[in-house]
1. Filter 79/335; 279/338; 23/521; 79/292 down to the pairs with a C-alpha to C-alpha distance above 32 Å, please.
2. May I ask you to give the solvent-accessible area per residue for region 386-487, in square angstrom, as obtained with a 1.4 angstrom probe?
3. Can you compute the FRET efficiency between residue 77 and residue 144 using 1/(1 + (r/R0)^6), with r the Cβ-Cβ distance and R0 = 22 Å? Round to the nearest 0.05.
4. Alpha carbon centre of region 453-529 versus region 119-189: separation in Å?
5. So what are the ³J(HN,Hα) numbers for region 144-155, from phi and the Karplus equation (6.51, -1.76, 1.60; θ = phi - 60°), rounded to whole Hz, Gly and Pro as x?
6. Need one number for region 224-264: average projected area of the convex hull over its C-alpha atoms, nm².
7. So which chymotrypsin sites (Phe, Trp or Tyr not before Pro) in region 439-529 are both in a DSSP loop and have at most 15 other Cβ atoms within 10 Å of their Cβ?
8. Taking 41 Å as R0, compute the FRET efficiency from the Cβ-Cβ separation of residue 241 and residue 381 and round it to 0.05.
Amino acid sequence: MSYINEIERRRTFGVIAHPDAGKTTLTEKLLLFGGAIQEAGAVKSNKIKKGATSDFMEIERQRGISVATSVLAFNYKDKKINILDTPGHKDFAEDTYRTLTAVDSVIVVVDVAKGVEEQTEKLVEVCRMRNIPMIVFINKLDREGKDAFDLLDEVETKLGLKVTPLSFPIGMGYDFKGIYNIWEKNVNLFSGDSRKNIEETIAIADISSPELDELIGDKPANKLREELELVTEVYPSFDREAYLNGDLQPVFFGSALNNFGVRELLDCFIEIAPSPRAKESDTRLVDSHESKFSGFVFKIHANMDPKHRDRIAFVKIVSGTFERNKPYQHVRLGKNLKFSSPNAFFAEKKEIVDISYAGDIVGLHDTGNFKIGDTLTEGEMMSFKGIPAFSPEHFRYINNADPLKSKQLEKGVDQLMDEGVAQLFTLEMNGRKVIGTVGALQYEVIQYRLEHEYGAKCTYENFPAYKACWVEPTDPKNEEFAEFKRIKQKFLAKDKFGALVFLADSEFSIQMSQQKYPSVKLHYVSEYK
């Protein structure tokens, strides 16, 4: 198969949602249809009997939530599909935001009963800013929930999207009979048996035919006809160009837990979703069809295999091909590196690959060379943009609870911060270490992983900070900056990369500093340098 065909057949997408909307379950069922797994792990809230395939960290199995993005790849109908299953919990949003820099499209999962929730709004806003094509999957139709039209309105108003349904439910909850697939013009009947891999699908070209009444009964059939008429009047017809530009979002209905409506979603997705897209670098726009390799690190994961203490850098290939044992330029370090065992992923299972194409995610064993945002090329000096570090909202001193294990603690904190799970600040005044996180649950994860992966124990103390602001003086040598440093010395720290950070104790303190020292700029977001 030619190089261009290989790129064209790739689909790399993320699955995003509020916690408990069924995101990980949907991911599993997509894998089931792709033949990548034989049987799904039933995800039950906080009682996971068989851990979901994509939740491979011990703490994820205990909590019943995803805390790290996992990468899964499989083939389906001659398409190579790369799924990035992201954490839904808001305390792990930073991992999700960074993952969205590595996807070409997104599936948004919405719970039929709860509708659009807060975390979904935030994530969709990020996708809209980047014009990422989105498909909406309204999940859990076998449960009582909101009316289909109310849900479509909610998706439009709360998420600011322009939707067009490509499937429509026949009843809901106890009356749920199945789905009419507008895209393929057929009816999919619901049996409620989640063990059946594929439900029976009956092609109905004309919905006015009496065959529909025989299948689902007169009353539901007439109601469906009315609703479909309303759909064609109210919503625009599907336009692939508008979808690819982020201006139109197709909507599918289904029940991921019952394997229902997932095949329709997947079949349509592989037809309409974009192949790898071009990405902006600091010097130019890089097209995925270029023959020279380029890629960037969007995630680092330590200890995917606790027995081997390995660190893996996840690289999204933007253009060209990545070949095993070929030297590539590490732009930030300015040196060439070779990789003898690049990995393709299937959750925690890895296999060595000789060649990967634009759109693929490869895992590179890392001895400390990489940090998030690093760019690899075949020699061109450029860096990909838009991989942010957000200002933390929670701050705590980290203390060593076992003086005999100080080296292990230092190493563990160092590696976990490289992953971007949290940020480490070292106070200028006394050298004490402060960990800043986007969500409080991160502290529990860090403590758990330090103990179970590094054999180190830590305790926390509150640190009174409101926000971290990265400091950018117009002139580092002027007196105003010197005064700012003298007055604020108690609140100044260095981040892991040596950048100066002001750990402000209140919104008022930030405003006053900006008024008093106009030549000192304060930023809530730091691009990974």
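1. Beyond 32 Å: 79/335; 23/521.
2. Working: 4920 Å² over 102 residues.
That works out to 48 Å² per residue.
3. Numbers: r = 34 Å, r/R0 = 1.57.
It comes to 0.05.
4. 43
5. Those phi angles translate into 5, x, 6, 4, 4, 5, 4, 5, 4, 5, 5, 4 Hz.
6. Details: hull surface 15.6 nm².
For region 224-264, averaging the hull's shadow over all directions gives 3.9 nm².
7. Details: sites: 443, 448, 454, 460, 466, 470, 481, 484, 491, 497, 502, 508, 524, 528; in loops: 466, 497, 524, 528.
Those satisfying the criteria are 497, 524.
8. Values: r = 35 Å, r/R0 = 0.85.
Result of the calculation: an efficiency of 0.75.
The values are calculated or read from the model by the stated rules, or taken from the named source; none is laboratory data. Predicted model, so just to flag it, every value in this text is computed and none were measured. Quick reminder, even Gly has a Cβ in these numbers, built from the backbone with ideal geometry, and neighbours come from all protein chains shown. For accessibility, only protein heavy atoms count, side chains too; no ligands or nucleic acids. Shrake-Rupley method; radii C 1.70, N 1.55, O 1.52, S 1.80 Å.
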